[in-house]
Amino acid sequence: MSSSQAFTVQPSAAARSDADRQAILAAPGFGNHFTDHMVAIRWTRADGWHDARVQPYGPLSLDPAASVLHYGQEIFEGIKAYRHADGSIWTFRPQANGARLQRSAKRLALPELPVELFVESLRQLIAVDGAWVPSAPETSLYFRPFMIADEAFLGVRAAQKASYYVIASPAGPYFTKGVAPVSIWLSTDYARAGKGGTGAAKCGGNYAASLLPQTIAQAQGCSQVLFLDPVEGKYVEELGGMNVFLVFADGRLVTPALSGSILEGITRESILQLARDRGLQVEERKVSIDEWKQGVADGTISEVFACGTAAVVTPIGELKGEGFSVGSPDAPAGEVTMSLRKELTDIQYGRLPDRHGWLVRLDA
């Protein structure tokens, strides 16, 4: 199932008026409002993927014994739609998100949604809710595709029924006061994921495990929490929801190598490509926390930043932990950091040529 004719459409009887929608789009925030419709596709072991539809946005009906509620069989993605200057609507590297959803599904023993059906689900939602894509600078429509196991049973096995959904939320600039360096907290008591665990999958359990250390980080005046590797506890992995990059004074761009417990970020991969295009020396390798601390202290490391779909690129000004602090919360955002951020967002919004064929139009 990949053609548009395979989807049925049920228009919402409670769709917001143009005036109400425009009022929301004027100040959408992030994740606060949702469009009038959603995508739903069913899967059963017997019939495969079927019953693809666009339906009114609204509550899901789940049996209390649904597998997702008891065994956590759930995965999700995050991807945006951008309105270009000519009014057209585009998304960024959806095939990569679709492929990652498949990898997550395999790890969580869920059915793998065909990539072309993943992309088509975004097109179908835009076909009815395209007016929800904002046009103000640095705004977007954030898609949240997700899959849940909804077979009703109690027993530890892979569910034989599942549902895939796409909801969408208009998003304003992630940084309401502009992009500024943040402070992050090093967690040494908790790991984001274990060896052989689900760290490379985008599943809710990983984020749930990060919430307590994230709360601790916030109590220390930090915006995010940094996790180390789960085996030796000395190598940098990622933040609670973002990948990490270090810019060295000699021009090298370094990021922790994918280890099986690091999520393979689409933004991460894109930044690596843009850096290579510039001729920068790029290294994907183990990075110890001591190398980070010493490098910032002696100037070997000149910039640090995090990246992810929601915030794109976030400068990191200060790293704090029990008994130490390196960097400064008042440090200016680095030149390489902001240059890469600008190049990436300029491609996404159609302000720069798309040399790698990353953009896919959704409204045509």
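The values are calculated or read from the model by the stated rules, or taken from the named source; none is laboratory data. What you see is a predicted model; the values in this text were computed from it and never measured. Cβ coordinates were reconstructed from backbone atoms using ideal geometry, including for glycine residues, and neighbour counts include every protein chain displayed. The accessibility values were calculated without ligands, DNA or RNA, using every heavy atom of the protein model including side chains. Shrake-Rupley method; radii C 1.70, N 1.55, O 1.52, S 1.80 Å.
When segment 112-124 is filtered for residues that are polar (S, T, N, Q) and open to solvent by 10 Å² or more (accessible area, probe 1.4 Å), only Q124 remains. Going residue by residue through segment 31-40, is there one that turns out to be modelled with pLDDT of 95 or more, in contact with a Leu (Cβ under 6 Å, 6 or more places away or on another chain) and surrounded by 12 or more Cβ atoms within 10 Å (Cβ to Cβ)? Checked segment 31-40: at least one residue is modelled with pLDDT of 95 or more, in contact with a Leu (Cβ under 6 Å, 6 or more places away or on another chain) and surrounded by 12 or more Cβ atoms within 10 Å (Cβ to Cβ). Take A249 and tell me if it is at pLDDT below 95 and open to solvent by 40 Å² or more (accessible area, probe 1.4 Å). Considered against the rule, which asks whether it is at pLDDT below 95 and open to solvent by 40 Å² or more (accessible area, probe 1.4 Å), A249 comes out as no.
Right, R123: within 18 Å of R361 (Cα to Cα) and more than 18 Å from the chain's Cα centre (by Cα) or not? Show your work before the answer.
Working: within 18 Å of R361 (Cα to Cα): yes; more than 18 Å from the chain's Cα centre (by Cα): yes.
The answer is yes for R123.
Could you please find all residues in segment 281-330 being surrounded by fewer than 18 Cβ atoms within 10 Å (Cβ to Cβ), assigned to a strand (DSSP E or B) and polar (S, T, N, Q)? Once the filter is applied, which keeps residues that are surrounded by fewer than 18 Cβ atoms within 10 Å (Cβ to Cβ), assigned to a strand (DSSP E or B) and polar (S, T, N, Q), segment 281-330 yields S288, S302, S325. Within segment 106-120, does at least one residue satisfy the condition of being under 26 Å from A311 (Cα atoms) and among the aliphatic types (A, V, I, L, M)? Yes, segment 106-120 has at least one match. Only residues that are more than 18 Å from the chain's Cα centre (by Cα) and assigned to a loop (DSSP other than H, G, I, E, B) were counted in segment 250-267, giving 5.
Select, from A109, A99, A131, A127, the only residue that is within 26 Å of E343 (Cα to Cα) and open to solvent by 20 Å² or more (accessible area, probe 1.4 Å). Before the answer, list the steps.
Working: A109 fails: within 26 Å of E343 (Cα to Cα); A131 fails: within 26 Å of E343 (Cα to Cα); A127 fails: within 26 Å of E343 (Cα to Cα).
Matching residue, one of A109, A99, A131, A127: A99.
Across segment 220-236, the number of residues qualifying as outside any loop (DSSP other than H, G, I, E, B) and either at pLDDT 95 or above or open to solvent by less than 10 Å² (accessible area, probe 1.4 Å) (or both) comes to 6. Per the conditions (1) within 19 Å of G317 (Cβ to Cβ); (2) modelled with pLDDT under 95, the sole criterion not satisfied by G197 is (1).
Residue selection: Y82 satisfies the criterion of being at pLDDT 95 or above and in contact with a strand residue (DSSP E or B) (Cβ under 9 Å, 6 or more places away or on another chain).
Which residue, of A158, A136, is open to solvent by 30 Å² or more (accessible area, probe 1.4 Å), under 17 Å from Q348 (Cα atoms) and among the hydrophobic types (A, V, I, L, M, F, W, C)?
Going through A158, A136 in turn, the sole match is A136.
Counting the residues of segment 171-190 that are touching a residue at least 40 places away in the same chain (Cβ under 8 Å) and either in contact with a strand residue (DSSP E or B) (Cβ under 8 Å, 6 or more places away or on another chain) or hydrophobic (A, V, I, L, M, F, W, C) (or both) gives 13.
Do you know which residues across segment 1-27 are crowded, with 17+ Cβ neighbours inside 10 Å and either at pLDDT below 95 or of a type in the set (D, E, K, R) (or both)? Lay out the reasoning, then the answer.
First, the residues of segment 1-27 that are crowded, with 17+ Cβ neighbours inside 10 Å: 7, 12, 15, 21, 24-25.
Hit for segment 1-27 is R21, nothing else.
Considering the conditions (1) open to solvent by less than 50 Å² (accessible area, probe 1.4 Å); (2) farther than 21 Å from S259 by Cβ; (3) in a loop (DSSP other than H, G, I, E, B); (4) not charged (D, E, K, R), A217 is excluded by exactly one of them, (3).
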